[in-house]
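Down below is the structure, laid out as structure tokens.
Readers should treat all values here as calculations from the given coordinates under stated rules, not as data from a laboratory. The shown structure was predicted, so the numbers you read here are calculated from the model rather than taken from an experiment. Don't worry about glycine lacking a Cβ; one is built from the backbone with ideal geometry, like all the others, and counts go over all protein chains shown.
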């Protein structure tokens, strides 16, 4: 009953099989000059229905995010994001490092989504020429750090504010598949058609071993990505082993199947807990994360039952809250056991 | 009637005389190896009653701040400051540049001073090891960007929070002299005795041509300053011409006399305006800046009279506010003319 | 007959098996907190007979090198290396990037090894305080970029020069296993016992998929490595899949068996070519690379036969030279076919 | 008799007068928005006969050089220069810092000038795409670090090599005035007409207090200069005090008069020494620096007579060499005294 994160998982069997298969070829051109990487490019274009996009495989989300932001914001730029954004608080200043000292600016907003009006005001506030950080980009997480999903029309509204200030829109899509499965629209509808300029599509948390994809819908913005990736030590010589994970991830919609399973488990777990008196969901469950306030007795009972999960800041005075994360391989019986344990504790 | 800023001024005559005098010597050891720079070091130690401090002259406040912060916070560090802090919004990401990608984190608070309780909470929130930016330093402006002054006991309280989180305390003292004159205490009481680790003492806005002083009260923190200053292109070959400005600045308390004059003019101007119906001071006047909401008629009249000053965000709905800055050379008759113009407009 | 590089290979079967095995465990603590990574640490200490070393897995040699150099040289430092060093000419300025602008200084020398006397002179030349780049480290490649091996006594001599100038010694051990197999000594004898401070041990070119290990023999020098790795986006969440490759690499001396095979194939190939009139080895074969000048007729014949390999700058006027690289999986029949093709061409 | 450097000097009286005069105006728009800075721009365009150039005042040559190089070379770029170039060995890695990790590559050549053929070969050697540092710019010093002057035709030849490799040509013109006076051509003939893209025109060593000018002949290359200058802390609020120095420097050809004096003194001193048996000029005197090998007896005699000057690496075995620098204010009687002292020592 380990619900600490979706990054505690291993690889999905089909992704591991793809690795084994890719290894049957004795020799391949290194550094991404191989056939699998070439094939992946075409596949991503098909999936996102966009024939000009360029996609770059890397092995971590931090690398994908930081490299992408460096391509769309100058060293004297400001990149706006939510106060809880992974790029802001969980990446040890990687965006500032890759961006040669760019600045991340926090814009608060409810349920993990920055407030668009505040953004408009903040981005428009500068204007004293060279003195102020130059408003350059906005970064949002899909799903958000609160497990909520940006709907296409919300993204469009945000993108309009970006356009009006000549800012670019970056999406940290670590859990993009989960949001996509939640919304039920097509990949383009949740990305470039809604105004996203760069999407960092996660796979590592949803079935891959270590694979992420930085997708630029406007190739002109990606001009420096390859140099930056190499300079950051992120150009793997045997790149085909990253690309093959991503190919298998998209094959037969494995990514969506995985995400649907994880989302379903989250609904089941969240629903089960929320039904108990004294338990309260902090945010709606719109992907594979549950943020829930629990009475201490339930928390204690769950831990006795062997469940693992992380604490989370409560939103009301005295509230003790927690985060549970499900994944592509979450076992339904474990979810049910956890809910039973909570229910039993409550009854006691 | 130019009240745009104290940086529109020239040099005080005694500082210009010092320059002329320093130029009488034909040759001097370059790069700060000269006698004047050596003398300055001793003088600063005497003024601050601290025999171990080390002080480094530079020509801009941005350089002083950014170089200092880079010495006390690592590239993966977080430096906390007020949302209006000059280092945050007016230095084109210089701290991030010199700090190799460190992060500035905004902590709100009234009247230009960050809230200490919020700081304690934010600095204490991290703890997931290598992922989170490492709380490393706090930077405050003296006077604040709202023209208010940090009192010694306020600084002490802040320094205690810093110590409890092993953070260093940096003071951007662009208008330190104005605050010192306002408080009326000794230089050490407003700096190291209150817990300041590094003071960037401004002179350019208060009578110098281009001279600032980065003062480290703990020389161990300054270990890399000289390398960083050279690498930043801030080690002037003819350093004596910077040092001589600072020496003259401290001579016979010129800095305090200048600050007292500027502060007095601010009180006179602010008092005159605040007495008028419809006018409202946004913050108490505790240095040489006045932030005041004015009725549109008064604003128009002042501009007709030739007065220059900058707009400032109002704090109440519909409020139109402005910033006036006085300086060491502000002419009292100009202040009085401005107040008369405002009074006349009001009466009309 | 693909001899372009040892990075065209896939993974050794035992390493792929280790991956599959590691994937059987459903959940593991992320970011290197897992059991495999812990076990790896102990294993590396045993292999290198050093109970205080710390070892950090990463996925590319560029990352290992650049992160390591940043730990042992300051931004104003100079790192000396051979003009052909991978860190200097093949990593798109990664060392300068991670090192916040440190400087790499080329020191020539025959057969891929920098000249120690020139190094001593260059490193000792500075001394004007803050102006000159501070001599901080020396980086050598093992095997060298010319396929030659630094013998323990050569390393010791170099390390002495480093010590006398308070510089650290970094070894880019991309092909360390090949050199180790060539020399036939123990791992410590070719590293810390000879004076190496930091060894970047390669595995990717010798049987792994994507795995390298930065080994610090003095943990004090590694203090910042973990922060830097995270900030560079090189801390994989599912680190166990990198660690397991390295564990399998060291298990039952797989690394040495692989290296011996590659070296043997290089001797066979190099010996076969060098025996032909008009062919000339540029450097002795001391690892798994052959640098050989070939008559145009032989070059043409090899290419007709389907052989792939890269050109290399000749050392004598008019000389056309080439690089052939063997690997852990080089097929002896391919080597023999190539030699036969060359011999036939020569005879024709 | 202080011949250590031309940076031991103070300011020329006319430059000090300009400072005093600029201070008579009470208020000026800060950060270079003032009239003097505007006037300077027009003046520089007239002097260099180029109506599109843009010129940026800064206070150190290191800042001018590093900021300029960052504008014309990317972080993954290579900038070629002579092994003795100031930017390479005397600026504490400032170019790498401002250039976010760009690489300086040394190209040897006689008498302080890099060899053009070697440059062509080195710049053309890369070509493996993202792996190799991208050849981006060439930087030469005028006068060179050996006191020699690049003639217009030499610059043209170099510029052709730059063009053929799409590299830009940067001139560190710390002693540009001295070279200009030596050649006797017009400013454009020694800069843009010969193919220079960016000229860092020095004034600090030739009569100014602290003033340098980064001149971009193609404004498109300067697009980011202002942001970079601010971010580096080099945008002085009272910029008019830098601009006024430069204006006075160019007024009535003060810069040329100063340079001619310094050059004349160098010829007189160098000629006097070179005429003595056992004394040997290392390089021709083509500006205001003399590099001369002296017998120990003469060196000792000069030092006894109170002369100050720096040692310099000899070029022949056992040779003891020295550098003497003259300046705009060098006293002819001191030069003559020094020569007499040398002659006397020789005779003894």
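Taking the highest mean first, how do the peptides B:221-232, B:307-318 order by number of other beta carbon atoms within 10 angstrom per residue?
Numbers: B:221-232: 21.7, B:307-318: 13.3.
Most protected by this proxy first, the peptides run B:221-232, B:307-318.
Taking the simple approach of a point 7 Å from Cα along Cα-to-Cβ for both residue B:331 and residue D:316, what is their distance in nm?
Going from the residue B:331 label point to the residue D:316 one covers 7.1 nm.
Could you check what % of the DSSP bridge pairs in the protein assembly as shown are antiparallel, to the nearest 5?
Numbers: 80 of 152 bridges.
Rounded to the nearest five, the antiparallel share is 55 percent.
Given R₀ = 30 Å, FRET efficiency for residue D:14-residue D:308 by Cβ-Cβ distance, to 0.05?
On the way: r = 27 Å, r/R0 = 0.88.
That pair, residue D:14 with residue D:308, gives E of 0.70.
Shape of region A:80-184 from its Cα gyration tensor (a ≥ b ≥ c, root eigenvalues): rounded if a/c is under 1.5, otherwise prolate when a/b > b/c, or oblate? Could the numbers behind the result be given before it?
On the way: a/c = 2.09, a/b = 1.39, b/c = 1.50.
It is oblate, given that a/c is not under 1.5 and a/b is not larger than b/c.
Alpha carbon centre of region A:10-42 versus region B:273-348: separation in Å?
Between the Cα centre of region A:10-42 and that of region B:273-348, the gap is 69 Å.
So, in Å, what gap is there between the alpha-carbon centers of region C:167-220 and region D:112-145?
Result: 33 Å between the Cα centres.
Rg and Dmax of region B:202-296 over Cα atoms: what are they, in angstrom?
Answer for region B:202-296, Rg first and Dmax second: 18.9, 55 Å.
Exposure proxy check: B:50, C:12 ranked by fewest other beta carbons within 10 Å?
On the way: B:50 18, C:12 25.
Listed from fewest to most nearby Cβ atoms, that is B:50, C:12.
Which of the peptides B:151-159, D:264-272 is most tightly packed, and how do the rest follow, judged by the mean count of other Cβ atoms within 10 Å per residue?
On the way: B:151-159: 16.9, D:264-272: 20.6.
Ranked by mean Cβ neighbours within 10 Å, highest first: D:264-272, B:151-159.
With an 8 Å Cα cut-off and a minimum separation of 6 or more residues, compute the relative contact order for region D:223-317 in percent.
Values: 53 pairs, mean separation 16.7, N = 95.
RCO, region D:223-317: 18 percent.
Within 10 Å of each Cβ in peptide A:209-217, how many partner chain Cβ atoms are there on average? Round it to a whole number, please.
Numbers: counts 9, 8, 0, 1, 0, 0, 0, 0, 0.
Partner Cβ neighbours, averaged per residue: 2.
Ratio of Rg to Rh for the protein assembly as shown, alpha carbon only, Kirkwood? Spell out each step's value before the answer.
On the way: Rg = 33.5 Å, Rh = 33.9 Å.
That ratio equals 0.99.
Can you figure out the FRET efficiency of residue B:344 with residue B:38, using R₀ = 51 Å and their beta-carbon distance, to the nearest 0.05? Write out the running numbers ahead of the final one.
Values: r = 55 Å, r/R0 = 1.08.
Efficiency, rounded to the nearest 0.05: 0.40.
Give me the inter-chain shielding for C:288-295: mean count of other chain Cβ atoms within 10 Å, whole number please.
Numbers: counts 0, 0, 0, 0, 0, 0, 0, 0.
Per residue, the number of nearby Cβ atoms from other chains is 0 on average.
If you project the alpha carbons of region D:163-226 onto their three principal axes, what span does each projection cover, largest first, in Å?
Principal-axis extents of the Cα atoms in region D:163-226, largest first: 35, 29, 16 Å.
Students often check this: by mean Cβ neighbours within 10 Å, which of A:237-247, C:279-289 ranks highest, and how do the rest follow? Present the calculation step by step, with values, prior to reporting the outcome.
On the way: A:237-247: 26.2, C:279-289: 22.0.
Averaged packing, sorted descending, gives the order A:237-247, C:279-289.
Defining a contact as two alpha carbons under 8 Å apart and six or more residues distant in sequence, what relative contact order in percent does chain B show? Show your work: numbers first, answer last.
Numbers: 700 pairs, mean separation 79.5, N = 348.
Taking the mean separation of contacting Cα pairs over the length of chain B, I get 23 percent.
Which order do D:45, C:168, A:304 fall in if you start with the one that has the fewest other Cβ atoms within 10 Å? Each step should come with its number before you reach the end.
Values: D:45 16, C:168 24, A:304 10.
By the 10 Å Cβ count, ascending, the order reads A:304, D:45, C:168.
Counting only other chains, and only Cβ atoms inside 10 Å, what mean value do you get across the residues of B:66-74? Write out the running numbers ahead of the final one.
Working: counts 4, 1, 0, 0, 2, 0, 0, 0, 5.
For peptide B:66-74, the averaged partner shielding equals 1.
Starting at 0 and stepping by 10 Å, how many percent of the alpha carbon pairs of region D:292-348 end up in each bin?
22, 53, 23, 2
Under 1.5 on a/c is rounded, so check that first for region A:109-168, then, if it is not, pick prolate when a/b is larger than b/c and oblate when it is not; a ≥ b ≥ c are the square roots of the alpha carbon gyration tensor eigenvalues.
Working: a/c = 2.51, a/b = 2.02, b/c = 1.25.
In terms of gyration-tensor shape, prolate.
Just to verify a number: FRET efficiency for residue B:4 and residue B:25, C-beta to C-beta distance, R0 = 41 Å, to 0.05? Before the final figure, lay out the partial values.
On the way: r = 37 Å, r/R0 = 0.90.
Approximately 0.65, to the nearest 0.05.
Work the Kirkwood hydrodynamic radius out for chain B: mean of 1/r over every pair of different alpha-carbon atoms, inverted, in Å. Kindly include the intermediate steps, with their values, before the conclusion.
Details: mean 1/r = 0.0480 Å⁻¹.
By the Kirkwood definition, the hydrodynamic radius is 20.8 Å.
Defining a contact as two alpha carbons under 8 Å apart and six or more residues distant in sequence, what relative contact order in percent does region A:28-172 show?
Details: 202 pairs, mean separation 31.2, N = 145.
Worked out over region A:28-172, it gives 22 percent.
Which value in nm describes the separation of the simple spin-label points at residue A:253 and residue C:275, placed 7 Å from the Cα toward the beta carbon?
Placing both labels 7 Å along Cα→Cβ, they lie 6.3 nm apart.
Between the label point of residue C:151 and that of the same position in each other copy, find the distances and list them shortest first in nm, with every label point placed 7 Å from Cα along the Cα-to-C-beta direction.
The projected label point of residue C:151 is separated from its counterparts by 5.1, 7.6, 7.8 nm.
Taking neighbour Cβ counts within 10 Å as the exposure measure, how do A:146, D:200 sort from fewest upward?
A:146, D:200
Less than 13 Å from a label point 7 Å out along the Cα-to-Cβ axis of residue A:111: which backbone N atoms in region A:276-307 qualify, by residue?
Answer for region A:276-307: A:281-287, A:291.
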